[in-house]
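*Asks:* Below you'll find the structure I mean.
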Amino acid sequence: MPTSRKKIARAFKTALFSKGAKKARIKDEELCAAISEVMRGQAADLGGGVYKKRLNENMHRSIILAEGGKVWVYQYLFAKKDRDNIEADELEAFRKLAKAYEALTDQQIGGLVTNGDFVEICHGEKDQIQN
């Protein structure tokens, strides 16, 4: 089966998501692998740059924002046992936030990382093998 090298986009987790992931014992390596899967279409596309991806052996759900595919941000984490899905108003807010993330410059993203609002977990300089 042929393989090609594809650079993974920059991926981040918000400070709040980071706290939840730590509590749920979800490691950055799992988050990076999940982003690669999302990029291959292995996630629920909720439209408007919002994706829902199962994590942690299907015990948790993540909401990932990636309008334009420039930046992927783990925005929200919830346990499957606590809630089935997000509400329509939450989805609309996530879509607006995804659009705002698309407009961020590299300098603004750097500021978010410096301030601790974003934690970078994957970067495009690391090649991922795609099947």
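The values are calculated or read from the model by the stated rules, or taken from the named source; none is laboratory data. Just so it is clear, the model here is predicted, and its values are computed rather than measured. Cβ: placed from backbone, ideal geometry, glycine included. Neighbour counts: every protein chain shown. For the accessible areas, the whole protein counts, side chains as well, though only heavy atoms, and no ligand, DNA or RNA atoms are used. Shrake-Rupley method; radii C 1.70, N 1.55, O 1.52, S 1.80 Å.
*Asks:* In this model, which of K13/K52; K27/K99; K19/K96 are farther than 18 Å apart at the alpha-carbon?
*Replies:* Numbers: K13/K52 14 Å; K27/K99 27 Å; K19/K96 23 Å.
Pairs exceeding 18 Å: K27/K99; K19/K96.
*Asks:* Which residues make up the longest stretch of the chain clear of GluC sites (Glu not before Pro) that lie in a DSSP loop with no more than 12 other Cβ atoms within 10 Å, not counting the sites?
*Replies:* Working: sites that count: E57, E87, E125.
Looking at the chain, 1-56 is the longest stretch - no exposed GluC sites (Glu not before Pro) with at most 12 other Cβ atoms within 10 Å.
*Asks:* Okay, next question. Separation of the stretch 82-101 and the stretch 52-77 by C-alpha centroid, Å?
*Replies:* Here the two parts' Cα centres lie 11 Å apart.
*Asks:* Over the stretch 38-102, average the accessible area per residue using a 1.4 Å probe and give it in Å², no decimals. Walk me through the intermediate numbers first.
*Replies:* Details: 3480 Å² over 65 residues.
In whole numbers, the stretch 38-102 has 54 Å² accessible per residue.
*Asks:* Right, another one. Please report the base-10 log of the normalised intensity I(q)/I(0) for the chain, using a Debye sum with one equal scatterer per alpha carbon and no solvent, at each q in 0.11, 0.15, 0.16 (1/Å).
*Replies:* Taking Cα atoms of the chain as identical point scatterers yields -0.36, -0.69, -0.78.
*Asks:* May I pose another question? Return the aspartates and glutamates within reach of K80: Cα separation strictly under 14 angstrom, same-chain partners fewer than 8 residues apart disregarded; answer none if there are no such residues.
*Replies:* E57
*Asks:* Can you tally the net charge around A103? Count Lys and Arg as +1, Asp and Glu as -1, for every other residue whose Cβ sits under 11 Å from the Cβ of A103. Let's see the in-between values first.
*Replies:* Numbers: positive: K70, K99; negative: E67, E102.
Net local charge, A103 excluded: 0.
*Asks:* Could you state how much accessible area L91 has, in square angstrom rounded to the nearest 10, with a 1.4 Å probe and all protein chains kept in place?
*Replies:* Approximately 30 Å² of L91 is accessible to the 1.4 Å probe.
*Asks:* Can you give me the relative contact order of the chain as a percent, contacts being Cα pairs under 8 Å and 6 or more apart?
*Replies:* Values: 208 pairs, mean separation 53.2, N = 131.
Computed over the chain, the figure is 41 percent.
*Asks:* Give, in nm to one decimal, the length gained when the segment between Q108 and Q42 is fully stretched (0.36 nm per residue of separation minus the Cα-Cα distance). Don't skip to the end; give the middle numbers.
*Replies:* Values: separation 66, 0.36 × 66 = 23.76 nm, distance 2.92 nm.
Answer, rounded to one decimal: 20.8 nm.
*Asks:* With a 1.4 Å probe and all protein chains kept in place, how much accessible area does K70 have, in Å² rounded to the nearest 10?
*Replies:* 80 Å²
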